[in-house]
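The structure appears below as structure tokens.
The values are calculated or read from the model by the stated rules, or taken from the named source; none is laboratory data. Note that the structure is predicted; figures quoted are calculated from it, not measured. Cβ placement follows ideal geometry from the backbone for every residue including glycine, while neighbour counts extend to all protein chains displayed. Surface accessibility is based on the protein's heavy atoms, side chains included, excluding ligands, DNA and RNA. Shrake-Rupley method; radii C 1.70, N 1.55, O 1.52, S 1.80 Å.
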Amino acid sequence: MIARGAGRRQLLQAAAAALLGLSALASPSVYAQAKSVAVTAIVEHPALDAVRDGIKEELEASGFKGDKLKWQYQSAQGNPGTAAQIARNYIGQNPDVIVAIATPSAQAVVAASKSIPTVYSAVTDPVAAQLVKNMEPSGTNVTGVSDALALEDQVNLIKKIMPNVKRIGMVYNPGEANSVVVVNELKRILPPMGIELVEATAPRTVDITAAARNLVGKVDVIYTNTDNNVVSAYESLVKVATDAKLPLVASDTDSVKRGAIAALGVDYRDLGRQTGKIVVRILNGEKPGAIASERSTNLELYVNPKAAAAQGVTLSQELIQSAKEVIE
């Protein structure tokens, strides 16, 4: 009886050990299948949120979902210092890929790590922002997608709305590299057209109303790029423009839904999907330094005739009919 009981105990112990061994073997393979993607944006507003959502949609469409994906997202709430903290925190976790949306967040991540694969998105000029040396494969840990727009097309849109425009105002954050690049390019291309650029700087979102008011009476139209401070508080700008009967033209199509009269811009969800495709390539084994930076070429025209009337102009039927979306 004693021998038989001991034998039974040995069999049970052996079986338990075998199960534990199988569990130990299985666990690493389960965890190995999960890829970690850490996403950060400088601020939350419709365009950048659409980029984030597009990235996740593309990952899920490529099979990275459920227990195969560890996804996390943090916004810096417009604070560059917080962006740097988020970057350091992510780097300490050593994810498979960090995705940085908008220039300040991308700069924070790239400054903090030279090894973790990093994909930027919604950055107007990644070269001026010192993320990459050019749009060719970088040979580093960085690649991504730019939302740069041809400013000649933006000016042509303004001229279709206001053929006799002489002075274009622009509210922007002088601390955001994207916006400085746009301002400098407008200063180059506008004078030969007989148009003057009038600047109004707003380093913080709380400065936007005062900056916009400073343009009243000095310009024929206000143009806004994808400056994150401005876009995150766009309603403040719309109020000033409407009260002053001053047309407001954007480069961000979501801003048309919020009160701009027109925008020729990128579909930011599509930009997110384009970014997500690069992330998938890296998760599947490609090196970020071997992947060339990309630009979005999918531009769409949105118009808002009601906002135009409120701001003192009438959009032509030709322009309205050429729009992808007419906001009623």
Do you know which of the residues in the range 110-131 that are outside any loop (DSSP other than H, G, I, E, B), under 26 Å from Pro174 (Cβ atoms) and not polar (S, T, N, Q) is most open to solvent (accessible area, probe 1.4 Å)?
-> Ala111
Tell me which residues, restricted to the range 36-83, are of a type in the set (Lys, Arg) and either open to solvent by 60 Å² or more (accessible area, probe 1.4 Å) or not assigned by the TED database to the domain that holds Thr103 (or both).
-> Lys56, Lys65, Lys68, Lys70
Would you check if Ala106 is modelled with pLDDT under 95, under 17 Å from the mean Cα position of the chain (by Cα) and either part of a helix (DSSP H, G or I) or under 30 Å from Ala309 (Cα atoms) (or both)?
-> no
Unique match (being out of contact with any helix residue (DSSP H, G or I) (no Cβ under 8 Å at 6 or more places or on another chain), on the phi > 0 side of the Ramachandran plot and touching a residue at least 24 places away in the same chain (Cβ under 8 Å)) among Gly259, Gly312, Gly289, Gly285 = Gly312
Could you grab me the full set of residues in the range 177-205 that are surrounded by fewer than 17 Cβ atoms within 10 Å (Cβ to Cβ) and of a type in the set (S, T, N, Q)?
-> Asn184, Thr201
Is at least one residue of the range 31-48 outside any helix (DSSP H, G or I), of a type in the set (Ser, Thr, Tyr), touching a helix residue (DSSP H, G or I) at 6+ places or on another chain (Cβ under 7 Å) and under 23 Å from Ser255 (Cα atoms)?
-> yes
Could you say whether any residue in the range 132-154 is surrounded by fewer than 17 Cβ atoms within 10 Å (Cβ to Cβ) and not in a loop (DSSP other than H, G, I, E, B)?
-> yes
Within the set of pairs 6+ apart or on separate chains, which have a first residue in the range 207-236 that is assigned by the TED database to the domain that holds Ala250, a second that is in a loop (DSSP other than H, G, I, E, B) and of a type in the set (Lys, Arg), and C-beta atoms under 9 Å apart?
-> Val219/Lys166; Asp220/Lys166; Asn229/Arg204; Val231/Arg258; Tyr234/Arg258; Glu235/Arg258
Do we find a residue being open to solvent by 10 Å² or more (accessible area, probe 1.4 Å), closer than 20 Å to Lys160 by Cα and free of Cβ contacts under 8 Å to residues at least 60 places away in the same chain anywhere in the range 242-255?
-> no
Any chance the range 244-264 includes a residue that's within 30 Å of Ala34 (Cα to Cα) and modelled with pLDDT of 95 or more?
-> no
So Gly169, is it part of a loop (DSSP other than H, G, I, E, B) and small (Gly, Ala, Ser) = no
Out of all the residues in the range 181-201, is one or more of a type in the set (A, V, I, L, M), more than 30 Å from Ala76 (Cα to Cα) and in contact with a Pro (Cβ under 9 Å, 6 or more places away or on another chain)?
-> yes
